[in-house]
Amino acid sequence: MTFANLAPFLQEYIYQQGWTELRPAQLEACEIIFTTNHHLLVAAGTAAGKTEAAFLPVITKLHESPPKSIGVIYISPIKALINNQYDRLNDFLKYADINVCAWHGDTNQSQKKNLLKNPQGILQITPESLESLLINKYQQIPRLFNDLQFVIIDEIHAFMGTQRGSQILCQLARLEKFISHPLRRIGLSATLGDYVQAEDWLRSGSNLPVTTTKVATTSRRIQLAVEYFITPKEETENGHNLSHYQEIFQQTQARKSLIFTNNRTQAEKVISNLRRIALDRTSPDVYHVHHGSIAPNLRQAAEAAMQDPQSLAVTAATVSLEMGIDIGQLDQVIQLESPSSVASFLQRLGRSGRRGEPSRMQFICTEPELLGEELFPKQIPWTLLQTIAILQLYLEEQWIEPIAPLQYPLSLLYQQTLSIIAAVGEITPHNLAQTILNLAPFSQITPEEFRQVLHYLISLDHLQKTESNSLILGVVGEKIVGSFQFYGVFSEQVTYSVCHGNIAIGQVSIAPNLGSKLTLAGKTWEVLEINSKTKTIEVKPVAGTGTVNWRGSSTNIHTQVLQKMRQVLQENTSYRYLQPGAIARLTTARNLFKYREGNQTTIFHLEKNTYAIFPWLGTRGYHTLIKILKILQETRIAIKSITGTAPYFLIIKLSKNTIEELATELVSICQAGLTSEDLVGSDEEPQKLHKYDQFIPNNLLRKAYAHDYLDLDAVVNYSNTLAQELGDR
């Protein structure tokens, strides 16, 4: 019956594709869109047909009642996904009179002009380009969107709990002011741990209910393997001879493979070394790198190579290929080191195993060689443990990290304030406050706090008051809004464009020295010229190895992952996916942990007055614990130093107090009714974590940090564990 309700040209498309039936998610999505006015959350596994689940009923609705403006906005986290979906949508619509326009920084200007002249059909866009439209085409917004019917948000897990996701919610609220009917939202994701949280996010600022596709999870065939390697303390010029690079080379022979890394540096290193191994063995160069700092032409070449069923290709990527881009039939996925989350693992696993094949994923864990002098905490293979914990949390419990909403997205508050003023030109403080504070992401911000922000921005000349007491952009504010970088809420590093003649290679964030070698796009280049004014670097290809010129980034690991890591160390369970090296290393670690009585304690004596704490807390809890320890250091306990490796362990050096006294005081302070705000001193220089934090009053930044980046409950729970340990001594 559902099939008969689809537009005739979609029925024809389905016949031509040889589909024998619609998938469960597609059937249920059609039912919800056709028979209710609800928002829709399509939560289904990778390759479950989520794109079709959204677009088959939506396109049918457009066909039945053609809107008088753009009818659908499709929002994607990355341009590459827009390009990929653009081709798929045009396949659906080849026999229909429905236009599709991909709108982002790389889009042909004529295509944008055509849409502005004749707004109709489907607009594919990133949050940044949508922000630009809301500012620069403000007078045209009613004509462009007055009959908008649907907004489809792809990969919503990538937006939830982020300022970028909150930006989308603000944009939808601003658009809805020009629409007389309820705007329906459709969210797509394969990796949600908490459907209620996702539903709450999707409906934010809306009165319509959300219905989630209740599709039973089908058992997925998975082939996993985890191996462990020791690497020298320093990689040498002959780093390609390291055993884990040799292993990856062997595993990718005659197999189309996607290698996931946790950062750009790892992606560059692994491809550079695989290329050198291939050169030594006179094997063909089938290697590519794909991340945000690679030039678009090279990223597109990597995507094309992966999609070509006739060619062998091996690509190393970061999150840039973690999203739902169709890269064809893969033979396997390789993960270098542990992913930071179960959600990331599932996204990456889902890149393989399409078209009925099992999902194959191999993990390569490495660790610097132990020289016999390391303290106990550094003898634990943390990356291997994290990998096992993440796999077990999914295999045993199907657990995925919940995503908490930001309570104080202050950087976004700044951007939306200037964006609204830039769009309308002039607005009274009262009307601005009404507009801003009614946006769902700012529900926790009080009128007094917003008033303080406005006064602060006036003092910085980002805003000015007119003679009639309205607000306009100040001189500084105009310069900021005038930059294309204003539209995005994520921080952007100053970058240098790297070119070889007329060929763009990519960008680096740290300027190299003239004559030095750098690695980019998996190749080594010698720096010939640096133009600091235009921020360009001219290079030529050379042999050997080079440095990688980017600043690092941090990740957030959930407490549940750390708790599972402890369980893995404590138990004697064997895991079928572990390879010989990993089995041996885990056995050694378990024996050491048992010898140090890790089952009974979280505090270990190392030497003299030095102790290790294994709090088994996630990243937020770990940093909260450090905050509390520093309060104790200043008020009650003589602590010489606090160091460690987040979020795995802390090393504490005491001056005169005993470790029992420290533990007792820690338990005491945690049970004294602390709040998160108590942990951030009024004279403390706040961390500026987001793009526009530098333009926010310090007291508000401290409050935001306390509420959004500390986890006091986790530390209080740890203090209860510690109290039990003290009672058992």
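The values are calculated or read from the model by the stated rules, or taken from the named source; none is laboratory data. None of these values were measured; they are calculated from a predicted model. Reconstructed Cβ throughout: ideal geometry from the backbone, glycine too, with neighbour counts over all protein chains shown.
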Failed criterion for Leu578 (all others in (1) over 22 Å from Pro647 (Cα atoms); (2) surrounded by fewer than 19 Cβ atoms within 10 Å (Cβ to Cβ) hold): (2)
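Residue-by-condition table, conditions (1) out of contact with any Asp or Glu (no Cβ under 9 Å at 6 or more places or on another chain); (2) over 29 Å from Trp201 (Cα atoms):
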position: Phe9; (1), (2): yes, yes
position: Trp19; (1), (2): yes, yes
position: Gln26; (1), (2): no, no
position: Cys30; (1), (2): yes, no
position: Thr36; (1), (2): yes, no
position: Leu41; (1), (2): no, no
position: Gly45; (1), (2): yes, no
position: Gly49; (1), (2): yes, no
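Results for (1) touching a residue at least 60 places away in the same chain (Cβ under 8 Å); (2) part of a helix (DSSP H, G or I); (3) loosely packed, with under 13 Cβ neighbours inside 10 Å, shown as yes or no for each residue.
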{"position": "Trp550", "(1), (2), (3)": "yes, no, no"}
{"position": "Ile557", "(1), (2), (3)": "yes, no, no"}
{"position": "Gln560", "(1), (2), (3)": "yes, yes, no"}
{"position": "Thr573", "(1), (2), (3)": "no, no, yes"}
{"position": "Arg590", "(1), (2), (3)": "no, yes, no"}
{"position": "Lys594", "(1), (2), (3)": "no, yes, no"}
{"position": "Gly598", "(1), (2), (3)": "no, no, no"}
{"position": "His605", "(1), (2), (3)": "no, no, no"}
Meets criteria (closer than 30 Å to Arg276 by Cα, aliphatic (A, V, I, L, M) and surrounded by fewer than 20 Cβ atoms within 10 Å (Cβ to Cβ)) for Ile480: no
Leading residue by the ranking (nearest to Leu406 (Cα to Cα)) among those in region 693-724 that are in a loop (DSSP other than H, G, I, E, B) and of a type outside the set (A, V, I, L, M, F, W, C): Tyr709
Failed item in (1) at pLDDT below 95; (2) touching a strand residue (DSSP E or B) at 6+ places or on another chain (Cβ under 8 Å); (3) in a loop (DSSP other than H, G, I, E, B), with Lys214 passing the rest: (2)
Candidate set from region 519-548 (those that are touching a helix residue (DSSP H, G or I) at 6+ places or on another chain (Cβ under 9 Å) and outside any loop (DSSP other than H, G, I, E, B)); member that is nearest to Thr495 (Cα to Cα): Leu520
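On the basis of being assigned to a loop (DSSP other than H, G, I, E, B), outside the structural domain of Tyr709 (by TED's automatic domain parsing) and either touching a Ser or Thr at 6+ places or on another chain (Cβ under 8 Å) or on the phi < 0 side of the Ramachandran plot (or both), does Ile436 make the cut? Walk me through how you get there before you give the answer.
Working: assigned to a loop (DSSP other than H, G, I, E, B): no; outside the structural domain of Tyr709 (by TED's automatic domain parsing): yes; either touching a Ser or Thr at 6+ places or on another chain (Cβ under 8 Å) or on the phi < 0 side of the Ramachandran plot (or both): yes.
Taking the combined requirement at face value, the residue does not satisfy it.
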Residue count for region 492-505, restricted to those that are closer than 30 Å to Ser419 by Cβ and surrounded by 15 or more Cβ atoms within 10 Å (Cβ to Cβ): 3
One residue from Ile505, Ile480 being assigned to a helix (DSSP H, G or I) and in contact (Cβ under 8 Å) with a residue 12 or more places away in the chain: Ile480
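Just checking: which of the strands (runs of 3 or more DSSP E) contained wholly in region 610-687 hold 1 or more residues that are in contact with a helix residue (DSSP H, G or I) (Cβ under 7 Å, 6 or more places away or on another chain) and within 17 Å of Ser719 (Cα to Cα)? First the steps, then the outcome.
Values: elements: 610-613, 639-645, 649-654.
Of the strands (runs of 3 or more DSSP E) lying wholly inside region 610-687, those with at least 1 residues that are in contact with a helix residue (DSSP H, G or I) (Cβ under 7 Å, 6 or more places away or on another chain) and within 17 Å of Ser719 (Cα to Cα) span 610-613, 649-654.
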In region 252-275, the residues that are in a helix (DSSP H, G or I), within 28 Å of the chain's Cα centre (by Cα) and not hydrophobic (A, V, I, L, M, F, W, C): Arg264, Thr265, Gln266, Glu268, Lys269, Ser272, Asn273
Residues satisfying the stated conditions in region 258-312, i.e. surrounded by fewer than 23 Cβ atoms within 10 Å (Cβ to Cβ) and of a type in the set (A, V, I, L, M, F, W, C): Ile277, Ala278, Leu279, Val286, Ala295, Leu298, Ala301, Ala304, Ala305, Leu312
